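A.B. asks: Just dropping this structure here.
The values are calculated or read from the model by the stated rules, or taken from the named source; none is laboratory data. Please read all numbers here as calculations on a predicted model, not as lab measurements. Don't worry about glycine lacking a Cβ; one is built from the backbone with ideal geometry, like all the others, and counts go over all protein chains shown. We work out accessible area using only protein heavy atoms, side chains counted, and drop any ligands, DNA or RNA first. Shrake-Rupley method; radii C 1.70, N 1.55, O 1.52, S 1.80 Å.
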Amino acid sequence: MVTQNTEHGEYYFDVPLLDFSSIKTGGVCDVLFYPKDEDDLINFLCNNHPSKPVICLGNMSNTLVLDGGIRGCVVNLSKFMTNISFNKTYVNVQAGASLNTFIIDCVSRNISCCEKLYCIPGTIGGALFMNAGIPGFEISDVLIEIRGVDHHGKTYNFKRHELNMEYRNGNIRKDFIITSATLKTTPSDKDKLELILNEILEKRRRTQPIGCQTLGCTFKNPDGYKAWKLIMDAGCGGMSVGGACISDIHMNFFINSGGATSLDFIHLIKLVKDRVFQETGIMLEEEIIIMGEED
């Protein structure tokens, strides 16, 4: 991996993305760029050659990059674009900020915003792009506005009602990089908020494979069903391909048990989808994002 520091952002060349992935698989990207700020990002996009694709990635906590890697440039905002600015009834937060760091910051200030999403890994930008949520709450519930830049360097602001955000889908254009968001806040009691965080953490420790190399929930829940139960009822427990296997704690979590490749996960996903469809007639849809080139 070659590094180039400039007066603006930082560039890294031939970067193994498995070093950044929460599942520890994936090939190499040609360029990894950390912009200093929005102007730096705009400058880069305006000068990028159209033949070189641009992809924005956050913490890669729900992104499976294929073993052939990514040709072009990966933009990552999590190194510099992490500022949080609180106001009386709202907060402006840059897209590279960690969701959990943001939640803890809110709680320390006696502010309620999206504490129900505690323990979901990733950045604010990623959470908005996926419309991260739990039963009864999504980040779109507190969204006022997002700001971002398209791949030509043009800036846009979108109000919540202009986005038509859905379950696990922010309906945000793939050529749009979220740079910041404005979220609604309400005053609350710090002790009450900390109790919520502790309850969420304890529940996740009981019901999810915390500490394992995983991308979180692999599939969306179909209407009226739980994906994990469909997987269990279809007899997929214990299923594995290479180093990729299904968690025995939560069957919608697929784990790298050691030495797995992205192709192992692709094959395991297909096997599970086929088995569930054969047994139930329901075709599961991936919640994770799959990108890149096959090896």
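A.B. asks: Quick one: which residue in Pro53, Pro135, Pro121 is open to solvent by 20 Å² or more (accessible area, probe 1.4 Å) and free of Cβ contacts under 8 Å to residues at least 12 places away in the same chain? Break it down into steps so the answer makes sense when it comes.
C.D. replies: Numbers: Pro53 fails: free of Cβ contacts under 8 Å to residues at least 12 places away in the same chain; Pro121 fails: free of Cβ contacts under 8 Å to residues at least 12 places away in the same chain.
One residue alone meets the criteria, Pro135.
A.B. asks: Just a yes or no: is a residue in segment 76-97 buried (at least 18 other Cβ atoms within 10 Å of the Cβ) and over 17 Å from Ser180 (Cβ atoms)?
C.D. replies: Scanning segment 76-97, I find no residue that is buried (at least 18 other Cβ atoms within 10 Å of the Cβ) and over 17 Å from Ser180 (Cβ atoms), so the answer is no.
A.B. asks: Output yes when any residue across segment 145-157 is surrounded by 15 or more Cβ atoms within 10 Å (Cβ to Cβ), over 17 Å from Asn100 (Cα atoms) and aliphatic (A, V, I, L, M), and no when none is.
C.D. replies: yes
A.B. asks: Checking Val107 against (1) modelled with pLDDT of 95 or more; (2) surrounded by fewer than 20 Cβ atoms within 10 Å (Cβ to Cβ); (3) out of contact with any strand residue (DSSP E or B) (no Cβ under 7 Å at 6 or more places or on another chain), which test does it fail?
C.D. replies: It fails just one condition, (2).
A.B. asks: Would you point out the residue of segment 44-77, among those that are of a type in the set (Ser, Thr, Tyr) and under 28 Å from Asn100 (Cβ atoms), that is modelled with the highest pLDDT? Give the derivation first.
C.D. replies: Filtering segment 44-77 down to residues of a type in the set (Ser, Thr, Tyr) leaves 51, 61, 63.
Within this subset, residues satisfying the condition of being under 28 Å from Asn100 (Cβ atoms) are 61, 63.
Values: Ser61: 94, Thr63: 97.
Filtering first and then ranking leaves Thr63.
A.B. asks: Regarding Gly69, is this residue among the small types (Gly, Ala, Ser) and open to solvent by less than 20 Å² (accessible area, probe 1.4 Å)? Walk me through it before giving the result.
C.D. replies: Details: among the small types (Gly, Ala, Ser): yes; open to solvent by less than 20 Å² (accessible area, probe 1.4 Å): yes.
Yes, satisfied.
A.B. asks: Is it the case, given these coordinates, that Pro222 is in contact (Cβ under 8 Å) with a residue 12 or more places away in the chain and touching a helix residue (DSSP H, G or I) at 6+ places or on another chain (Cβ under 9 Å)? Walk me through it before giving the result.
C.D. replies: Working: in contact (Cβ under 8 Å) with a residue 12 or more places away in the chain: yes; touching a helix residue (DSSP H, G or I) at 6+ places or on another chain (Cβ under 9 Å): yes.
Answer is yes for this residue.
A.B. asks: Does Ile172 satisfy being assigned to a loop (DSSP other than H, G, I, E, B), open to solvent by 10 Å² or more (accessible area, probe 1.4 Å) and not small (Gly, Ala, Ser)?
C.D. replies: Values: assigned to a loop (DSSP other than H, G, I, E, B): yes; open to solvent by 10 Å² or more (accessible area, probe 1.4 Å): yes; not small (Gly, Ala, Ser): yes.
Answer is yes for this residue.
A.B. asks: State all residues of segment 123-163 that are in contact with a Gly (Cβ under 8 Å, 6 or more places away or on another chain), among the small types (Gly, Ala, Ser) and not in a helix (DSSP H, G or I); if no residue qualifies, say none.
C.D. replies: Listed by number, the list holds a single entry, Ala132.
A.B. asks: With the structure loaded, tell me whether Thr186 is over 12 Å from Phe129 (Cα atoms), of a type outside the set (A, V, I, L, M, F, W, C) and open to solvent by less than 70 Å² (accessible area, probe 1.4 Å) or whether it fails that test. Lay out the reasoning, then the answer.
C.D. replies: Details: over 12 Å from Phe129 (Cα atoms): yes; of a type outside the set (A, V, I, L, M, F, W, C): yes; open to solvent by less than 70 Å² (accessible area, probe 1.4 Å): no.
Spelling it out, it is not the case that Thr186 is over 12 Å from Phe129 (Cα atoms), of a type outside the set (A, V, I, L, M, F, W, C) and open to solvent by less than 70 Å² (accessible area, probe 1.4 Å).
A.B. asks: Please find, among Leu41, Leu64, the residue that is crowded, with 19+ Cβ neighbours inside 10 Å and in contact with a Phe, Trp or Tyr (Cβ under 8 Å, 6 or more places away or on another chain).
C.D. replies: Values: Leu41 fails: in contact with a Phe, Trp or Tyr (Cβ under 8 Å, 6 or more places away or on another chain).
Every option except Leu64 fails the conditions.
A.B. asks: Take the residues in segment 258-295 that are buried (at least 16 other Cβ atoms within 10 Å of the Cβ) and assigned to a loop (DSSP other than H, G, I, E, B); name whichever of them is nearest to the chain's Cα centre (by Cα).
C.D. replies: The qualifying residue nearest to the chain's Cα centre (by Cα) is Ile288.
A.B. asks: May I ask you to list the residues in segment 1-43 that are modelled with pLDDT under 95 and more than 30 Å from Phe265 (Cβ to Cβ)?
C.D. replies: Matches in segment 1-43: Gln4, Asn5, Thr6, Glu7, His8, Gly9.
A.B. asks: Out of the residues in segment 96-122 that are assigned to a helix (DSSP H, G or I) and of a type in the set (Val, Ile, Thr), state the one that is nearest to Ile42 (Cα to Cα).
C.D. replies: Step by step, filter segment 96-122, then rank; the result is Thr101.
A.B. asks: When you scan segment 198-248, how many residues do you find that are under 17 Å from Ile120 (Cβ atoms), hydrophobic (A, V, I, L, M, F, W, C), open to solvent by 20 Å² or more (accessible area, probe 1.4 Å) and at pLDDT 95 or above?
C.D. replies: Of the residues in that region, 5 qualify.
A.B. asks: Among the candidates Val91, Val31, single out the residue that is over 20 Å from Thr123 (Cα atoms) and of a type in the set (Val, Ile, Thr). Outline the logic, then answer.
C.D. replies: Details: Val91 fails: over 20 Å from Thr123 (Cα atoms).
Criteria check complete, one pass: Val31.
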